[in-house]
Ligand SMILES: C[S@@+](CC[C@H](N)C(=O)[O-])C[C@H]1O[C@@H](n2cnc3c(N)ncnc32)[C@H](O)[C@@H]1O
């Protein structure tokens with residue numbers, strides 16, 4: 001006599017499949033994942049960024065759920081450096097430039113690896129904003145900035161802390177970095193290294209309730 005009917009076996013197999021598909025990783029705190037997972041910052045070629053910008057893959061950055069981080073960056077600029085000269089590293093299509101155009105900043109330069117993103121940024125003709133195609137890892141300037149922003153770009157730099165240390169030479173005395181990163185395991189290990197190398201003046205965690213997405217935005221300065 002069979003112990004289980006065919007239906008019971010199919011039912012059990014379905015249940016096991018469901019359990020295996022359960023996203024257990026979602027319930028492990030980011031700090032624990034950061035400690036156990038290897039660091040995985042990977043650079044992406046300019047050709048791929050261009051393709052992605054041309055196909056509209058990054059248009060979601062202009063949607064409501066991203067508003068929190070742009071507004072916190074704007075708020076930090078107003079609070080710490082209201083008349084700042086701003087360098088926006090990895091500026092994409094210049095969304096932050098739009099936000100900052102409502103503030104009394106003295107100048108804005110956005111640089112990005114992607115020529116397609118910079119072309120879109122220039123089309124938006126934000127008064128006083130300058131945009132340039134440049135790879136931050138090779139970027140050199142004689143200009144000084146009061147605020148250097150890394151808004152959702154550090155994941156794509158193999159050694160973000162080294163790039164920031166190098167760019168610290170372009171900070172005016174008392175200048176600050178503003179860093180925004182989506183709250184996830186790889187980001188947590190980057191934060192650890194940034195906090196070891198820079199002094200954190202402030203940090204905000206943004207939670208977009210409908211999507212469950214979170215970001216950390218921090219103000220740092222060279223030690
Ligand atoms: C996720 S997007 C963020 C865009 C923009 N900061 C925003 O939040 O609206 C990351 C941007 O970093 C740029 N990027 C990646 N690696 C770069 C590099 N080495 N130098 C300059 N820009 C880079 C990409 O082209 C892309 O526009």
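Every number in this text was worked out from the coordinates using simple rules, so none of it is lab data. Given the structure is predicted, the values throughout are model-derived calculations rather than measurements. For neighbour counting, all protein chains shown are included, and Cβ atoms are generated from backbone atoms with ideal geometry for every residue, glycine included.
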Packing-based order for 51-58, 191-198, 82-89, using average beta carbon neighbours within 10 Å, highest first: 82-89, 191-198, 51-58
Helical contribution to [θ] at 222 nm, DSSP H n ≥ 4, -39,500 (n - 2.57), averaged over the chain, rounded to 500: -11000 deg cm²/dmol
Rounded, prolate or oblate (a/c below 1.5 giving rounded, otherwise prolate when a/b exceeds b/c) for region 36-222 by Cα gyration tensor: rounded
Centre separation in Å (Cα based) which lies between region 206-223 and region 52-72: 15
Packing-based ranking, highest mean first, of 183-190, 133-140 given that Cβ atoms within 10 Å are counted: 183-190, 133-140
Folded to 0 to 90 degrees: helix 185-197 orientation relative to the chain principal axis, Cα: 40
Gyration tensor (alpha-carbon) shape descriptor, region 119-177, a/c threshold 1.5: oblate
